[in-house]
Structures are given as structure tokens and as C-alpha cells.
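Novice: The structure's right below; bear with me while I get my questions together.
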Amino acid sequence: MLSQLKVSHSTSCDWSTVSPEFEDFNSRQMSEKEILALFEKMMVACMQLINALVTSPDDLDFRLHIRNEFMRCGLKEILPHLNTIKNEALDIQLKVFEEHKEEDMIEFSHRLEDIKSELEYPF
């Protein structure tokens, strides 16, 4: 199965040269422990990417939109499972995700309160 990662098409990436960790996929069987370690690294990298995409925009509406898109695409179902994995780097990324989500919700609720007060006292 792992040998299928190496694609022969000339415009494709030679997966065995992407990272030293992937160099010998074709030459030996990886242990379950090695596969799990790589999978954990991948989960951390995915959460880092998600956090970078969600936290970088200055516009609150855009941050909420991006976060909600990730949640709709399956992150909502995966987050409870990710929280059960004992991995310090993953825990940090999950904490960053939750903290920024809470900050955005506070900012959004303040905006709603401002709108409510403007509607109650228009002048």
C-alpha cells in the first residue's frame, strides 16, 4: 500500500524525497508504532495549518467563516477524538484552536450587544 505513494507521472512528487522519514517506505515494513508516530505528526501538522488559516485574518467575519467551514467539513466530529490523544504538540494546537475560538465568540457577542443597544437607543 505504501508503495503506491510513489507515482511515476512526470509532474507528480516523488514522495520518498519529501522527508527523510519517508525515505525507506519502499525498502522495509514500518512498525505499527512508527506508523502511529507519523500519524500523530500529521495530525499536529494539520492542526497547525488550520490554526494558521483561522487565526491569520484580521476580519472577524472571515475568521468565523473559515473556522465554520473546517467544522462543517468534519473537524467538529474529529475534535473530541483528538482531545483523547496524549500528544503534547497536538494538545498545544488544540488549545490554540479553542482559545482563538473563544476570543472570536467574545468579540462576536460584543458586536451583537453593540447592535442591540443601537437598536434600542437609535439616537
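Rule-based calculations on the coordinates, nothing more; no lab input. These numbers come from a predicted model, not from an experiment. When we count neighbours, we look across all protein chains shown, and the Cβ atoms used for this are built from the backbone with ideal geometry, even at glycine.
Novice: List, in order, the whole-Hz ³J(HN,Hα) value for each residue of the range 96-110 obtained from phi through the Karplus relation with A = 6.51, B = -1.76, C = 1.60 and θ = phi - 60°; use x for Gly and Pro.
Specialist: In residue order, the calculated couplings are 4, 4, 5, 4, 5, 4, 5, 4, 5, 5, 5, 4, 5, 5, 5 Hz.
Novice: Continuing with the same structure: Can you work out ³J(HN,Hα) from phi for every residue in the range 43-51, in order, using Karplus 6.51 cos²θ - 1.76 cosθ + 1.60 and θ = phi - 60°, giving whole Hz and x for Gly and Pro?
Specialist: After applying 6.51 cos²θ - 1.76 cosθ + 1.60, I find 5, 4, 4, 5, 5, 4, 5, 4, 4 Hz.
Novice: For the pair Leu36 and Met105, what calculated FRET efficiency results from E = 1/(1 + (r/R0)^6), where r is the Cβ-Cβ distance and R0 = 30 Å, to the nearest 0.05?
Specialist: 0.35
Novice: How big is the dipole moment of the range 56-123 about its Cα centre under a simple scheme where the beta carbon of each Lys and Arg is +1, that of each Asp and Glu is -1, and everything else is neutral? Debye, nearest 20, please.
Specialist: The dipole magnitude comes to about 400 debye.
Novice: Give the cross-link partners of Lys86 among the lysines, using a straight C-alpha distance below 26 Å as the criterion and excluding same-chain residues fewer than 8 apart.
Specialist: Hits, sequence-local ones excluded: Lys33, Lys41, Lys76, Lys95, Lys101.
Novice: Quote to one decimal, in nm, the extra length available between Leu53 and Ile85 on full extension: 0.36 nm per residue of separation minus the C-alpha distance between them.
Specialist: Contour length minus the Cα-Cα distance gives 9.2 nm.
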